[in-house]
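For reference, the structure is listed below as structure tokens.
The values are calculated or read from the model by the stated rules, or taken from the named source; none is laboratory data. Only a predicted model underlies this, so the values are computations on that prediction, with no experimental measurement involved. Positions of Cβ are generated from backbone atoms using ideal geometry, with glycine treated the same way; all protein chains shown enter the neighbour counts. Please note that ligands, DNA and RNA were not included when accessible areas were found on the heavy atoms of the full protein model with its side chains. Shrake-Rupley method; radii C 1.70, N 1.55, O 1.52, S 1.80 Å.
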Amino acid sequence: MAPPSLKAGVDMNAKRKTINTPVSISGIGLHSGIYTTVELKPAAPGSGVTFVRADLDGLRIAALQASTTALDYATTVGKDDVSVGTVEHLLSALMASGITDVDIHIDGPEVPIVDGSALPFMHLIDAAGVRELGTEVPMLRLREPIEVVEGDKFIRMTPSNHLVLKYKIDFDHPVIGKQSYQFDYAEDNFLRKIAPARTFGFVRDVEKMHAAGLARGGSVENCIVLGDDDVMNGPLRFRDEFVRHKILDLLGDLALIGRPITGEITASRAGHALHSRFVAKVLAAAAEAEQDMSEAAPTEPAFA
Ligand SMILES: [Zn+2]
């Protein structure tokens, strides 16, 4: 049965949530190779998800699309010359946990990669506990489809009252090949199905990435390492771990919208750069829809 379509002006709301108590985790950054400690702290309702550079006078960087500064191989947010890299796995865990307000203190430039998945962050959030804040946030539900295309890659979203993520990948590698996966945010278990899926890299790209200052902290401990035709540090956690990780990444990048969203999103062969273009287009469409709503509303009160 198709979900009922919403009438204009009807909001679906989600409860704002934060964590109960501060919790921290330390580790090496995948790209920088720099060791950092992240401490999650409860935050006030409406303050949003914010990175706080504890080593730089508490400089605050909102975890929002407007803050993104780099998108090659990982998502980076920044302000002025200061940035925090590889935010997507942590943001994915926060989004999956419904956390809308939290301060993420960090004493360096990159979130620890830990084991390359979102599982350590899910355990961290579980240890902190999650609590409702007593105020609500309206879900973003667009009424028109949205699409971004780049050659044979695309992401499209059709209106829905649920958040459903579908991903397809096609890698010229015998272990990956074609994979597809569908994750229903309301029905499926993120902790079990998506959170354990690790990031992956190819040995053939390592020299190029090192030369570009990337993957300096990468190792067999924190990503699936692919040789020419095999996994060098097996076993995999899922046969289709690769496409599950892409869903993990997409959810993390969707967190940069800054509020919960519903829609049926299909991504094909995309990555952080296209995720980001998609999020930008969603935000532009949302701003336009809100503009239309306010123009359609009477400028004078109906009963003066
Ligand atoms: Zn990732």
Those residues of region 116-130 which are within 13 Å of the ligand (Cβ to nearest atom) and more than 12 Å from His245 (Cβ to Cβ) amount to Phe121
Which of the residues spanning region 98-112 are within 14 Å of the chain's Cα centre (by Cα) and crowded, with 22+ Cβ neighbours inside 10 Å?
-> Ile99, Thr100, Val111
Among the candidates Gly177, Gly134, residue that is of a type outside the set (Asp, Glu), at pLDDT below 95 and surrounded by fewer than 19 Cβ atoms within 10 Å (Cβ to Cβ) = Gly134
State whether the residues of region 2-15 include one that is of a type in the set (A, V, I, L, M, F, W, C), touching a strand residue (DSSP E or B) at 6+ places or on another chain (Cβ under 9 Å) and modelled with pLDDT of 95 or more.
-> no
Evaluate the following for Thr37: is it under 20 Å from Gly218 (Cα atoms) and more than 16 Å from the ligand (Cβ to nearest atom)?
-> yes
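Take region 12-49 and flag every residue that is aliphatic (A, V, I, L, M) and in a strand (DSSP E or B). Please lay out each step first, then the result.
Narrowing region 12-49 to residues aliphatic (A, V, I, L, M): 12, 14, 19, 23, 25, 28, 30, 34, 38, 40, 43-44, 49.
Listed by number, the residues that qualify are Ala14, Ile19, Val23, Ile25, Ile28, Val38, Leu40, Val49.
Do you know which residues across region 58-87 are within 16 Å of the ligand (Cβ to nearest atom), open to solvent by less than 70 Å² (accessible area, probe 1.4 Å) and in a loop (DSSP other than H, G, I, E, B)? Working first, answer last.
Step one: list which residues in region 58-87 are within 16 Å of the ligand (Cβ to nearest atom), which gives 63, 68, 70-77, 84-87.
After this cut, where a residue has to be open to solvent by less than 70 Å² (accessible area, probe 1.4 Å) as well, the list is 63, 68, 70-71, 74-77, 84-87.
Once the filter is applied, which keeps residues that are within 16 Å of the ligand (Cβ to nearest atom), open to solvent by less than 70 Å² (accessible area, probe 1.4 Å) and in a loop (DSSP other than H, G, I, E, B), region 58-87 yields Ala63, Leu71, Ala74, Thr75, Thr86, Val87.
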Only one residue in Ala270, Ala255, Ala211, Ala215 is modelled with pLDDT under 95 and either in contact with a strand residue (DSSP E or B) (Cβ under 8 Å, 6 or more places away or on another chain) or within 13 Å of the ligand (Cβ to nearest atom) (or both), so which one is that?
-> Ala215
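Any residue at all in region 30-42 that is touching a residue at least 60 places away in the same chain (Cβ under 8 Å), in contact with a Cys (Cβ under 8 Å, 6 or more places away or on another chain) and open to solvent by less than 60 Å² (accessible area, probe 1.4 Å)? Outline the logic, then answer.
Going through region 30-42, the residues touching a residue at least 60 places away in the same chain (Cβ under 8 Å) turn out to be 30-42.
Next cut, in contact with a Cys (Cβ under 8 Å, 6 or more places away or on another chain) only: 30.
Now restrict to residues that are open to solvent by less than 60 Å² (accessible area, probe 1.4 Å): 30.
For region 30-42, residues touching a residue at least 60 places away in the same chain (Cβ under 8 Å), in contact with a Cys (Cβ under 8 Å, 6 or more places away or on another chain) and open to solvent by less than 60 Å² (accessible area, probe 1.4 Å): present.
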